[in-house]
Amino acid sequence: MDIEQMVTEFLGGNIVLVLLAIFLIVCVLAGVKIVPQSEKFVVERFGRLRSVLGPGINFIVPFLDRVAHKISILERQLPTMSQDAITADNVLVQVETSVFYRIIEPEKTVYRIRDVDGAIQTTVAGIVRSEIGKIELDQVQSNRASLIEAIKTQLVSQVDDWGMEVTRAEILDVNLDAQTRQAMLQQLNAERARRAQVTEAEGRKRAVELQADAELYSAEQAAKARRVQADAEAYATEVVAEAIAANGLEAAQYQVALKQVEALNGMASGQGNSTIVLPADAIEAFGNAFKMLKGRG
């Protein structure tokens, strides 16, 4: 009987120890929280915010604190959104946008907004309609970068209370209805035709300018040639005048005789000229020339 009592007391004591060990293990498991690098844990105590656990090993009070929310802090991309907007020149366009964001303050995101993605999509739609309405269609196409920056700036200021950071905002495409596209295509073709006509007119103008420059250059060269010839003739006249001044009338008669001889030589060398009739004064001129040549000799 005593042995049975001892066995019972031993087993009872062991059960208590086992239960105590199990309780301690449960407390440790409930009190130690390992948070992954890509997440943050929101801890509540009796339904109220207690703390936000960052990556690594964290400790909470078992049975009093609990992890109410596990929030990913990785960057997220919203599905492509499409909304209609009207430009300043009353053109209906369909804008496709995409937004990238990440949660940096989970306690704000958890307790201030229910549907994060839906709230961002609604906000982006309103901002896009507002910004598109300020500019014309041509500016939507050409100033897309500034439009994206304006959307991102306004979006950042509006989602700041939700504990989020907008990393990127993109306008993927701007679509037009069929009639507007056809009108723009006709305008583009007309602009191309106008540019072709302007290019052709400029080519003709350039050709005329080049032709005028060529004619001017030719006239300048001819004038230079005449000027050189006039200078040469003036020089020859000056030489003759100096010879006359130095030698008197005989030098003048000598030059006249030489000119007559050259003229007769030209007549004699022509085709079909077999007989040459010389006037008496020509023969006398030859004689004078020969006399002067002899006198010079």
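Of the residues making up the range 161-181, those that are within 19 Å of residue 126 (Cβ to Cβ) and surrounded by 14 or more Cβ atoms within 10 Å (Cβ to Cβ) are 162, 164, 166, 169, 170, 171, 174. Residue 97 meets all of the listed conditions (1) touching a residue at least 60 places away in the same chain (Cβ under 8 Å); (2) in a helix (DSSP H, G or I); (3) under 37 Å from the mean Cα position of the chain (by Cα) but one, namely (2).
Among the residues of the range 182-204, is there at least one that is touching a Lys or Arg at 6+ places or on another chain (Cβ under 6 Å), surrounded by 10 or more Cβ atoms within 10 Å (Cβ to Cβ) and within 19 Å of residue 84 (Cβ to Cβ)?
no
Checking every residue in the range 47-58 against the condition of being touching a residue at least 24 places away in the same chain (Cβ under 8 Å) and of a type outside the set (A, V, I, L, M) gives at least one match.
Tally time: how many residues in the range 54-103 are of a type in the set (A, V, I, L, M) and within 18 Å of residue 141 (Cβ to Cβ)?
Residues in the range 54-103 being of a type in the set (A, V, I, L, M) and within 18 Å of residue 141 (Cβ to Cβ): 7 in total.
Here residue 157 meets each of (1) among the small types (Gly, Ala, Ser); (2) over 26 Å from the mean Cα position of the chain (by Cα); (3) not assigned by TED's automatic domain parsing to the domain that holds residue 107 with one exception, condition (3). The set of residues from the range 26-79 being over 57 Å from the mean Cα position of the chain (by Cα) and closer than 16 Å to residue 111 by Cα comprises 45, 46. Within the range 55-91, the residues that satisfy the criterion of being surrounded by 14 or more Cβ atoms within 10 Å (Cβ to Cβ) and among the hydrophobic types (A, V, I, L, M, F, W, C) are 60, 67, 68, 71, 73, 78, 81, 85, 91.
Just one of the listed residues (28, 52) is touching a strand residue (DSSP E or B) at 6+ places or on another chain (Cβ under 8 Å) and either in a strand (DSSP E or B) or surrounded by fewer than 12 Cβ atoms within 10 Å (Cβ to Cβ) (or both), namely 52.
The values are calculated or read from the model by the stated rules, or taken from the named source; none is laboratory data. It should be emphasised that the depicted structure is a prediction, and the values quoted were computed from it without experimental measurement. Reconstructed Cβ throughout: ideal geometry from the backbone, glycine too, with neighbour counts over all protein chains shown.
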